[in-house]
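What follows is a set of notes on a single structure, which appears directly below.
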Amino acid sequence: MAKSSIKSKKTYKFKAELTQLLHMIVHSLYTHPEVFLRELISNASDALNKVRFLQLTDQEITDPDADLKISINLDTKKQLFSIEDSGIGMTEEDLIKSIGTVANSGTLKFLEEIQKKGKVPEGDLIGQFGVGFYSVFMVTDEVVIETRHADPGSKGYRWTSNGQGSFTIEEIDRKKRGTSISFRLKDEHKDFSEDYRVKSTIQKYSNFVGFPIEIGKEKANTVDALWRRSKDELKEDELIEFYKFVANDFEAPLGHLHLSLEGAVNFKALLFVPPKAPMNLFYDLEDKGLHLYSNRIFIQDDAKELLPEYLKFIRGVVDTEDLPLNISREVTQHSPVMAKIKTILTTRILNMLEDWSKNDLGKFEKFYNNFGMLFKTGVNSDFGNRDKIIKLLRFESTAKPKGELVSLDDYITRMKKKQKEIYYLSGEDRDIVERNPNLEYFRKNDIEVLLLTDPVDVFVIPSINEYDKKPLKSIDKADITLDDEKDKDSKDDDSLNETMINSLISVFKETLGDKVADVTVSKRLVNSPVTLVVGKEGLDPQMERMMKIMNQEVTPRKKILEINSGHHLIKNLSRLNIGDSKDPLLRKSILQLYESAMLIDGNLTNPTEFVQRLNEIMEEATK
């Protein structure tokens, strides 16, 4: 006896985060309601790709002869909209757990912050954050999904929700494999029940979907494997639209690379550099990547094995005839074909960037400002291309205005005649770095210093060691080579003699004790009385700060205090020392100078004591 087609409904509640997110989507956040159509088509295309993959691997499926397509039906009078695909369909568990999962756990927090500031988000935050299916509630008050999974033993289900905090699921008699989504449009969005509106939206967002999209019986999209055409045939507007589709972006790409190679490995590729980096460059790219096809047949949309980590911002398509259609994700990770393609893609992308750096500086700088932080990490991970990557690195410099970048090759062309080292200084931002007293000698003698303000720099640059046989040295280090002749020429006639300075240094050492590794006369100071520098084995100060931020254990190393023997304050302290080396003012001033250097370094641990001592010194000075 056949089972009854009427089954009891089960009611489920949305998770609290999703309920809040839905409210924000519907009531206050988005200015692009047409995004719902792109999201529904994208989901349908994914479902069709999955079922086609099952067919190619000879697995049994429900309704095996169904055409692989997306059908949209409209009723203008009743304001009805429905979209149906013959894809893989959903199980009851899929409906409960997977529909519209918020892909990024920080989505809600970020959207709340934007809302608090009263801003309207630029572009498409729905696509960026993986809200997906639930964007449909921008244009309707209630949605019905009817679906059946491709598994031969599957059942049909109906999912219904008004987006107000709960949804229902009931079992239904559905013969067809796939999913249909239907709803009545809100009055203010009834234009999406018109053919012209839906067609124009498809052409804008979904023109390159790899399956027919039919409105009624008319095909609305242009299905075209653009990457398989020759370079001469491709038009700029086609490339832009294809990029927008494949990268889920609203803006045109910064540039593209078209490859068609035959030889040890055969493949075609169409790759793009996006116009902007995501908010969190290192994490927001985790679930994205190149689309991998095997002879025009979609395999996967996040083929991470095709690019090294430092190039994972690249978007596009790779299509090869050298992979079997039934290849699994696990197999791709160890495939020699994939490894060969990765090597070629990496080389060609680096060549393209090098060409930009020589022939299109504006484009290269946009790329570098957007993706430089990630790109630099290739120095420590891709040893085969290390030299190419280092050549493409860019930095701010004392020789150029803020925001202007220089290469190591540029730096070398401006080096002084006797200069043997490439100098750099790291810090949180340029304004802070430029106030560092260790720059004084270099500024006075017009010696260029690279200013490293990118947090990644402190991990990358020290590992380079040398470039063009010239050592890279942090000017925060004690072991840099400075021109002694210039130092002698710049000394005042009334500078402290050797006996006086040695005597004062002894008092400094006695007063500071084990707070410092040593006290020496400085060659690098011009206007400041003292500075702290790192010993040969010590960590760069910015590296030390970064490691602390990352909760890494850092073994503290004492620094060297350098004193400027030509500075009036040091001369005054020397006179106090000649009068009485135990003078309390002398000892307090030495401690104050040391802690002032600690303050500039960002390592002063007891500001209260520092201020109290400062008040005592001023009180004594103003008697």
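Observations on the structure shown:
- Boolean, Phe192 is over 30 Å from Leu270 (Cα atoms), touching a residue at least 40 places away in the same chain (Cβ under 8 Å) and among the hydrophobic types (A, V, I, L, M, F, W, C): yes
- Ile299 being of a type outside the set (D, E, K, R) and buried (at least 20 other Cβ atoms within 10 Å of the Cβ): yes
- Tally, over the stretch 580-607, of residues that are closer than 18 Å to Val534 by Cα and part of a loop (DSSP other than H, G, I, E, B): 3
- Of all residues in the stretch 72-90 being of a type outside the set (A, V, I, L, M, F, W, C) and surrounded by fewer than 17 Cβ atoms within 10 Å (Cβ to Cβ), the one that is farthest from Phe137 (Cα to Cα): Lys77
- Selection of the stretch 562-579 for residues being touching a residue at least 40 places away in the same chain (Cβ under 8 Å) and not in a strand (DSSP E or B) yields Asn564, Ser565, Gly566, His567, Leu569, Ile570, Lys571, Leu573, Ser574, Asn577, Ile578.
- Scan the stretch 218-233 for residues that are touching a Ser or Thr at 6+ places or on another chain (Cβ under 9 Å) and basic (Lys, Arg) and the total you get is 2.
- The set of residues in the stretch 437-475 being over 29 Å from the mean Cα position of the chain (by Cα) and of a type outside the set (D, E, K, R) consists of Pro437, Asn438, Leu439, Tyr441, Phe442, Asn445, Ile447, Pro471, Ile475.
- Strands (runs of 3 or more DSSP E) wholly inside the stretch 192-293 containing at least 2 residues that are assigned by TED's automatic domain parsing to the domain that holds Gly87: 213-215
- Annotation note: of Lys109, Lys97, the sole residue that is farther than 21 Å from Arg197 by Cβ and modelled with pLDDT under 80 is Lys109.
- Tally of residues being surrounded by fewer than 21 Cβ atoms within 10 Å (Cβ to Cβ), in a strand (DSSP E or B) and of a type in the set (Lys, Arg) across the stretch 127-177: 1
- Of the candidates Ile41, Ile61, the single residue that is at pLDDT below 95 and crowded, with 22+ Cβ neighbours inside 10 Å is Ile41.
Every residue, every condition in (1) within 18 Å of the chain's Cα centre (by Cα); (2) modelled with pLDDT of 90 or more, yes or no:
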residue: Pro253; (1), (2): yes, yes
residue: Asn266; (1), (2): no, yes
residue: Ala277; (1), (2): yes, no
residue: Leu281; (1), (2): yes, no
residue: Leu285; (1), (2): yes, no
residue: Lys288; (1), (2): yes, no
residue: Ile299; (1), (2): no, no
residue: Lys304; (1), (2): yes, no
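- Screening Gln115 on (1) at pLDDT below 70; (2) in a loop (DSSP other than H, G, I, E, B) shows it passes everything except condition (2).
- Filter result for the condition that a residue is in a loop (DSSP other than H, G, I, E, B) and under 30 Å from Leu482 (Cα atoms), over Lys402, Lys391: Lys402
- The condition (being modelled with pLDDT of 90 or more and more than 26 Å from Gly579 (Cβ to Cβ)) is satisfied by just one residue among Leu532, Leu525: Leu532.
- Residue tally, condition crowded, with 18+ Cβ neighbours inside 10 Å and free of Cβ contacts under 8 Å to residues at least 60 places away in the same chain, over the stretch 195-216: 2
- The residues in the stretch 49-73 that are touching a Pro at 6+ places or on another chain (Cβ under 8 Å) and either more than 14 Å from Lys176 (Cβ to Cβ) or not assigned by TED's automatic domain parsing to the domain that holds Lys175 (or both) can be counted, and the count is 2.
- Residue within the stretch 455-464 that is at pLDDT below 90 and assigned to a loop (DSSP other than H, G, I, E, B) present: yes
The values are calculated or read from the model by the stated rules, or taken from the named source; none is laboratory data. Predicted model only: the values in this text are computed from it and were never measured. Quick reminder, even Gly has a Cβ in these numbers, built from the backbone with ideal geometry, and neighbours come from all protein chains shown.
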